[in-house]
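First comes the structure, then the notes that go with it.
The values are calculated or read from the model by the stated rules, or taken from the named source; none is laboratory data. Fair warning: this is a prediction, and the values are worked out from it, not measured in the lab. Using ideal geometry, Cβ is built from the backbone for each residue, glycine included, and neighbour counts are taken over all protein chains shown.
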Amino acid sequence: MEALVASIMSKNPEPVDPELTVVKAAAALAASSERCLIVAKDDLVIGIVTSSDVIEKVTATGADPSEVYVKDIMSTPVVMVNSNDTIATAAELMSDYGVGKLPVVDQSGALVGIVTSVGLARWLAKMSDYKDPALNAIAKLKEGGEGPYQ
């Protein structure tokens, strides 16, 4: 049996309201290990906001973050995955849609988690028992050794 999304997702992310100001959203993003916020209304996922959204759609444009709301900068429609889908399905969705974060919903459509490209990479490294040459090169760099990325 293939591994399921539920086994690698971060559980129970706290969704934010679309009427939240970007000032408050930025504070929530800074505290979030996933570096994204799931936007929900009436328990339905309606958008996602990343740190990049704040930079590109607010800071870079000179907008006042206290006067811009999450609903104004969120990405929508949202690509989502079911908690019972395989990890391969999540990876394929990320690749096909060029996203690094997928909200995870259960059979009823309720938000239950989030899968990130970093979480996926950690899982892949663990499955490879950290023996992949690229992982070894990165480990060498962290130890101060020679490597292809220096």
Next on the checklist: Which of the numbered conditions does Leu29 fail, given that it passes all the others? Conditions: (1) at pLDDT below 95; (2) farther than 21 Å from Gly100 by Cα; (3) in contact with a strand residue (DSSP E or B) (Cβ under 7 Å, 6 or more places away or on another chain).
Outcome noted: (2)
Checklist entry - Inside the range 113-132, can you point out the residues that are at pLDDT 85 or above and over 14 Å from the mean Cα position of the chain (by Cα)? => result Trp123
Item to check | When residues of the range 48-69 are limited to those that are in contact (Cβ under 8 Å) with a residue 24 or more places away in the chain and in contact with a Leu (Cβ under 9 Å, 6 or more places away or on another chain), the one surrounded by the fewest Cβ atoms within 10 Å (Cβ to Cβ) | outcome: Tyr69
Checklist entry - Restricting attention to the range 7-29, which residues are part of a helix (DSSP H, G or I), among the aliphatic types (A, V, I, L, M) and within 16 Å of Thr116 (Cα to Cα)? => result Leu29
Checklist outcome for this item: Apart from one, (1) without any contact (Cβ under 8 Å) to a residue 60 or more places away in the chain; (2) buried (at least 16 other Cβ atoms within 10 Å of the Cβ) all hold for Glu34; the odd one out is (1)
